[in-house]
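For reference, the structure is listed below as structure tokens.
We did not get these values from a lab; they are worked out from the coordinates using the rules stated. Since the structure is predicted, the reported quantities are computational estimates derived from the model, not experimental observations. Heads up, the Cβs are rebuilt from the backbone with ideal geometry, glycines too, and the neighbour counts pull from every protein chain shown.
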Amino acid sequence: NEELLINSEKLYVAGQLAAGIAHEIRNPLTSLKGFLQLIASGRYSNKNYFDIMKSELNRIESIVSELLMLSKPQIYDLAHKDIRGIIKDTVTLLDTEAILHNIEIESTISEEPLWVRGVENQLKQVFINVLKNAIEAMNDGGRIQMACMLEGDRIIVRIEDYGPGIPEEQLSKIGQPFYTTKEKGTGLGLMVSYKIVDNHHGSIHVHSRVDIGTTFEIILPYSEPAERSEAEGSGGKVTSIN
Ligand code: ADP
Ligand code: MG
């Protein structure tokens with residue numbers, strides 16, 4: 001399983017991404033170089049240059065950090081986790097941003113533990129990406145509903161917003177590398193999220209209606225630890241998975 005995880009990642013990164021990454025990073029680099037030359041020439045100097053340069057550097061930084069999420073997880077990072085804790089962390093992390101946008105995040109958390117076997121940081125990144133998109137979609141504020149539950153042997157995490165929705169002709173494009181409708185977007189968040197969830201043998205489903213809102217459903221296989229003490233979140237220590 002771990003081998004499959006690693007192999008498919010290598011193929012994906014090598015095949016589909018290299019050209020796109022090179023292109024997306026070359027644009028801000030070219031612009032940075034231009035401004036440096038202007039400044040070095042001594043003829044022009046303007047505080048604006050530094051602002052533009054900083055925002056170009058920020059862009060490179062966000063692209064690179066999102067792509068880093070695609071690097072292969074270390075085997076010792078794999079563990080059984082109760083996903084409810086990861087979800088609570090995610091909400092805590094984004095709550096201030098939500099409040100700033102006049103948004104209330106309402107979460108309905110399962111009463112029973114939701115065990116998943118995976119890489120905590122990566123799963124957290126998925127929830128952050130999807131919840132952040134929901135916040136960014138709700139310009140006028142409002143409520144975002146987040147819920148997690150067990151259905152049979154599947155864990156369902158649902159994030160529902162009442163934003164503008166995604167037009168049908170754009171639905172197939174989301175998750176494609178660098179597809180974004182945002183001025184400062186990278187268009188990498190969902191691509192990385194799809195990849196991570198896929199590596200965890202799960203899937204992501206999107207339902208969206210224009211002017212009504214968007215629901216993202218992240219489905220992951222339920223995976224109870226053989227012994228409760230094996231898992232973090234139940235008071236036990238973390239052990240490596242062989
Ligand atoms: P980014 O957020 O950097 O644009 P993502 O991969 O996270 O990149 O999202 C890609 C695109 O999918 C967004 O630019 C947006 O057009 C669309 N999208 C994602 N989530 C939502 C949502 N909850 N509501 C409306 N549009 C969304
Ligand atoms: Mg995003």
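Which whole-number percent gives the relative contact order of segment 54-121, counting Cα pairs below 8 Å spaced six or more residues apart?
49 percent
Around A137, what is the net charge, scoring Lys/Arg as +1 and Asp/Glu as -1 over all other residues with Cβ under 15 Å from its Cβ?
-3
Using all alpha carbons of segment 68-141, what is the percent of pairwise distances in each 10 Å bin, ordered from the shortest bin to the longest?
Computed distribution, short to long bins: 18, 43, 29, 9, 0.
Say a site is exposed when it is one of the GluC sites (Glu not before Pro), sits in a DSSP loop, and has at most 12 other Cβ atoms within 10 Å; what is then the longest site-free stretch of the chain?
Result for the longest clean stretch: 1-110.
How big is Rg to Rh over the chain, alpha-carbon atoms, Rh as the Kirkwood inverse-mean-distance radius?
That ratio is 1.02, to two decimals.
Could you compute the net charge surrounding E104? Neighbours are other residues with a C-beta less than 10 Å from the C-beta of E104; K and R count +1, D and E count -1.
Around E104, the charge tally is -1.
Can you count the Lys pairs in segment 18-162 with C-alpha separation below 30 Å, eight or more apart or on different chains?
14
Amide H to amide H under 5 Å from R154: which residues, 5+ apart in sequence or cross-chain, H placed 1.01 Å off N in plane?
For R154, whose amide H was placed from the backbone, the distant partners under 5 Å are Y222.
Given the -39500 (n - 2.57) contribution per DSSP H run of 4+ residues, what per-residue ellipticity at 222 nm results for the chain, rounded to the nearest 500 deg cm²/dmol?
So the helix-based figure for the chain works out to -14500 deg cm²/dmol.
Which angle from 0 to 90°, rounded to the nearest 10, does the C-alpha axis of helix 47-68 make with the longest principal axis of the chain?
30 degrees
Please determine, in degrees from 0 to 90 and to the nearest 10, the orientation of helix 189-199 with respect to the longest principal axis defined by the Cα atoms of the chain, where the helix direction is its Cα long axis.
30 degrees
Give me, ordered by chain and number, the residues 5 or more places off L188 or on other chains with an amide H under 5 Å from its own placed amide H.
Those lying under 5 Å, H to H, from L188 are F178.
Provide the gained length on full extension for the span D153 to K47, in nm with one decimal, where the gain is 0.36 nm per separating residue minus the Cα-Cα distance.
Net length gain for the segment: 32.4 nm.
Averaging sequence separations of C-alpha pairs under 8 Å and six or more residues apart, then dividing by the length of the chain, give the relative contact order as a whole percent.
20 percent
For the pair S107 and H201, how long in nm is the line joining their label points, each one 7 Å along Cα→Cβ?
The modelled label-to-label distance comes out at 2.6 nm.
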